[in-house]
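Read the structure below first, then the notes.
Just so it is clear, none of the values below were taken in a lab; they were calculated from the coordinates. Just so you know, these numbers come straight off a predicted model, no measurement behind them. Counting neighbours? That spans all protein chains shown, and the Cβs are built from the backbone with ideal geometry, glycine included.
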Amino acid sequence: MAILRVMQPAFTSGELSPALWARVDVDKYRSGLKVAKNIFIHPHGGASNRSGLEFIGRTRGSGFAILLPFIFDAETDQTYNLEFSHLKMRVYRAGSPVLEAAKAITGISVAANGVVTSAAHGFANGDEVFISGVAGMSALNNRNFIIRNVTANTYQLEDLLGVALSTLGMPAYAGGGTARRVYEIASPYTADELRRVVFAQENDVMYLTHQAHPPMKLSRLGDANWLFSPLTFVPQIAKPTGLSGNAVFKRKGGATANVSYRITSVSASGAESAPSATVTVNVQYENEDGRRIRLTWNAATGASLYRVYRTDSGDGLLAETPVLEAEFGQTENSGSGKQPPASSAAGAPPVPTGVTGAIVYGKEMKYVVAAISDETGEESLPSEPATLRNDMVYRGNRNALFWTATPGAGSYVVYRLDNGRYSYVGKTETTSFTDENITPDLASGPQEGYNPFDSAGNYPACVNFYEQRLAMGGTANVPAGLWLGQSANYENFGAASPVKASDAITLRIRSKEKNQIRAISESRGMAVFTTANEFNVAGSGEEIMTPTNMVVKKQSNRGSSWLQPIAVGDVMLFALARGGVIRDYSYEFSNDNFTGQDLTIMSRHLFEGRQVVSWAFAQSPYSIVWVVLDNGQCVSLTYMREHEVWAWTRHETDGQFEAVNVVAEGDEDAVYFVIRRTVDGKSQRYIERMHSRLFAMSEDAFFVDSGLSYEGTPTKTMRGLHHLEGKVLVALADGNVVRDLVVTNGTVTLPIAASKVHVGLPYEAELRTLDVDLGNVGELGTVQARNKAIANITLRVEKTRGIWAGPAEDALVELKQREFENWSEAIRLATGDVELTPTADWTKGGTMIIKQFDPLPMTVLAIMPDLRVAA
């Protein structure tokens, strides 16, 4: 019976579904696994156990929470996790909650519920505080508590599990100490709304949307100074005020004469009243400055029009008008000759009263002025109009305008009403302007403000940026509606008349069925994900999108969930509306269309009956998408499209994963989770960070969950573990594994003092290979379903220690690594080929199992079993 050496050199297919365990003809079979638990796949092919999870803190009140990234500048470590819980928001930076200024403690009583004295502390019941620096009662230091029973100068404490703090048995308070409140602000979002909060960030401002709320912006003013404010959707620069002006005329002398006028009223049937009292106006026939005669009168009941007569000559009827005024040039006094009636006809309206006559100058001319921001170039809404009377047809006539300076304005533009529309007549850097009958630019008008999201039903579901515009979409009233703010003026959704290229854009995506826009992403065009389809919206050709240049093209008919797509390089990933399917989505030049593939098809067992509820991409160092499912499980996808790598693995812990987030910290992308655990019989939600896996010595390995670390003077006592009260923990103490540590009063005791300790919940990692396939082997043919025995296992490993391997759960053997180290000295990490000889066991599959039970690193680069195959 020959011994065959088999080699699996890579695991880049990840954990494959049982439905594929017979597909030896598929390329991915050769790099796949039956089980990859608490394992992630490297893009180059190896498999490592995941790092442990550091305990960061408890969510507010242990309530449901999500984490959003706020990344201002990763180079200067200005990156944050924002914890959104029920109507509240907290801030974390570099793995610690942001705290308010310290309040001095001046006393703590010894009692079943000790009373803390702190003058004018300003705390409220329910606040969470961090205590440090207390002398005497040192057991309180570096712990978080909940404030209870406040008075102006005292309060009591409760631990995070809801137990009142007893100081009985503690040393007496000996002075010092501070309490710092965990910084938090009110948020508009309830716990059941958090999954659908969508955000887009630009520098120090994050825009947030949810269909139940007006769009909001969150501004960072400091680490412990954040502000929610509603968007106003108007220009950021105020409109000018105090617009006024003077009409200036070029006057000329000449002969004058008195002209007399009378007015009659006429009914709808034509019955005319007697004429009104005479009004006389002195006119100057030779004046060419545009002066006009203006007549006004009071309304007569039942009149449908009025007739104006000149009565000082034979000119007679000058005009008929339905309004209560008439204007004539000083030389416009020639009538039809018809004279007013001597008396009212039967059924005629009353005789007009209140007739007045005056000389006015030209016609009414209206102006508005707008400010231009010196910083951004944004144009304000127009001022209130100013009305002047002039006739600038006459040379020398002009209108002089003045207004109050607007803060932040670098210049001003002036518009004049012509033919019912304001049009551009000039620009100035001062607060005055003179119009000397400037020909208006009819293609340029002032801004008109517009808020498309002004009431319930009109709040957008999603937000993002596209071509320097703020884009929002998917209201309840217009589910397929898209609105884009002005170019570079994000919060300005107004437009001019006629419209300008930089103005806001409004469109509606048409489709066969009701289609709710659920996400917007920027790619080669604007990718719009809806309940039934995927669209690309862009300008025509290579041009940018403008209000008059928009092209909408449907790309596919998959339909998206509410989960926002994530970008991995130049590819987007999105979750389908049904079935727990995740697809990639990218532009294919060959067919000028966006397309993609089902990334879950090879690992469907991980997603069947499930929905993706949270995900985040950690680019550095391993290019992994971390995914949380609705059943509390976590799966990870190593994705590198250019190398055709997409490998799923699954992750377990003593609890349920509920949310994930990634922010850049140092040289790596730090992965944070919200995890629900049961501690001391109570449900608790913790924020935990995946520890870095970059280390050189086994003493620095962190492979425990909800864990804490200690480094300092050698000690047996590990404190601060109240969040794991009653749990059985494991520790790595100076590189040596210590098991079965039970937490009592937040403390565990090591058998031997250690100076570097990592302690937390244990978890195990497992690799399990698919059934061995060698193709056709001589006269044997296929080895599938033939009895096989593993005589020896060679593993190619990197920085590995403490693994077990074998053909079955009950046939695992440990890799013995201690060589030259002393008994208490940490065993060195192995890199290279290592051999294990498992217990002989004949099986049909030839599967190999590799496990890591200890809080130690494991990286397997290749598996090379020596295989006996029965004839």
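Calculated from the structure, P(r) over Cα pairs in 20 Å bins from 0, in percent equals which of [x] 10, 25, 25, 17, 11, 8, 3, 0; [y] 12, 31, 26, 15, 10, 5, 1; [z] 13, 36, 28, 17, 6, 0?
For P(r) over Cα pairs in 20 Å bins from 0, in percent, the calculated option is [y].
Between their Cα atoms, which of Lys37/Lys554; Lys88/Lys682; Lys239/Lys514; Lys500/Lys553; Lys103/Lys756 are more than 29 Å away from each other? Display every interim value, and only then the final one.
Values: Lys37/Lys554 39 Å; Lys88/Lys682 22 Å; Lys239/Lys514 40 Å; Lys500/Lys553 24 Å; Lys103/Lys756 32 Å.
Over 29 Å apart, Cα to Cα: Lys37/Lys554; Lys239/Lys514; Lys103/Lys756.
If you take the square roots of the eigenvalues of the alpha-carbon gyration tensor of segment 103-182 and sort them as a ≥ b ≥ c, do you get rounded (a/c under 1.5), prolate (a/b over b/c) or oblate?
Working: a/c = 1.36, a/b = 1.17, b/c = 1.17.
Rounded is the answer for segment 103-182, as its axis ratio a/c remains below 1.5.
Cα centroids of segment 595-665 and segment 92-125: how far apart, whole angstrom?
About 40 Å separates the Cα centre of segment 595-665 from the one of segment 92-125.
If the viscosity is 0.890 mPa s and the temperature 25 °C, what Stokes-Einstein diffusion coefficient in µm²/s follows for segment 561-652 when Rh is the Kirkwood radius over Cα pairs?
Translational diffusion coefficient: 182 µm²/s.
Any chance you could run the full-extension gain for Ala532 through Arg610? It's 0.36 nm times the residue separation minus the Cα-Cα distance, nm to one decimal. Please report the intermediate quantities before stating the final value.
Details: separation 78, 0.36 × 78 = 28.08 nm, distance 1.92 nm.
Full-extension gain reported as 26.2 nm.
Above 20 Å lies some portion of the pair distances; for segment 261-392, what is it as a whole percent of all C-alpha pairs? Don't jump to the answer; show the numbers that get you there.
On the way: 4671 of 8646 pairs.
Within segment 261-392, distances greater than 20 Å cover 54 percent of Cα pairs.
Return the loop-located chymotrypsin sites (Phe, Trp or Tyr not before Pro) in segment 457-522 (DSSP other than H, G, I, E, B) with at most 11 other Cβ atoms within 10 Å of their own Cβ; answer none if there are none.
On the way: sites: Phe465, Tyr466, Trp483, Tyr490, Phe493; in loops: Tyr490, Phe493.
Answer by residue number: there is no such site.
Give me the extension gain from Asn419 to Asp592: residue separation times 0.36 nm, minus the current Cα-Cα distance, reported in nm with one decimal. Can you show the working numbers first?
Values: separation 173, 0.36 × 173 = 62.28 nm, distance 4.65 nm.
Here the answer is 57.6 nm.
So if we plug the beta-carbon distance of Ser444 and Arg395 into 1/(1 + (r/R0)^6) with R0 = 45 Å, what FRET efficiency do we get, rounded to 0.05?
Details: r = 26 Å, r/R0 = 0.58.
The pair Ser444/Arg395 has a calculated efficiency of 0.95.
With r as the distance between the Cβ atoms of Asp77 and Asp374 and R0 = 41 Å, compute the FRET efficiency 1/(1 + (r/R0)^6) and round to 0.05. Could you put the intermediate results ahead of the total?
Details: r = 33 Å, r/R0 = 0.80.
Efficiency computed from Cβ-Cβ geometry: 0.80.
What shape does segment 451-560 take by its C-alpha gyration tensor, where a ≥ b ≥ c are the square roots of the eigenvalues and a/c under 1.5 counts as rounded, a/b above b/c as prolate, and the rest as oblate? Don't skip to the end; give the middle numbers.
Details: a/c = 1.82, a/b = 1.20, b/c = 1.52.
Oblate, because a/c is 1.5 or more while a/b does not exceed b/c.
Rounded to the nearest 0.05, what FRET efficiency do Asp570 and Ala808 have when you use their Cβ-Cβ distance and R0 = 35 Å? Don't jump to the answer; show the numbers that get you there.
On the way: r = 45 Å, r/R0 = 1.28.
Working from the Cβ atoms, E equals 0.20.
Can you tell me how much longer the chain between Thr353 and Ala19 gets when fully stretched, taken as 0.36 nm per residue apart minus their C-alpha distance, in nm with one decimal?
110.5 nm
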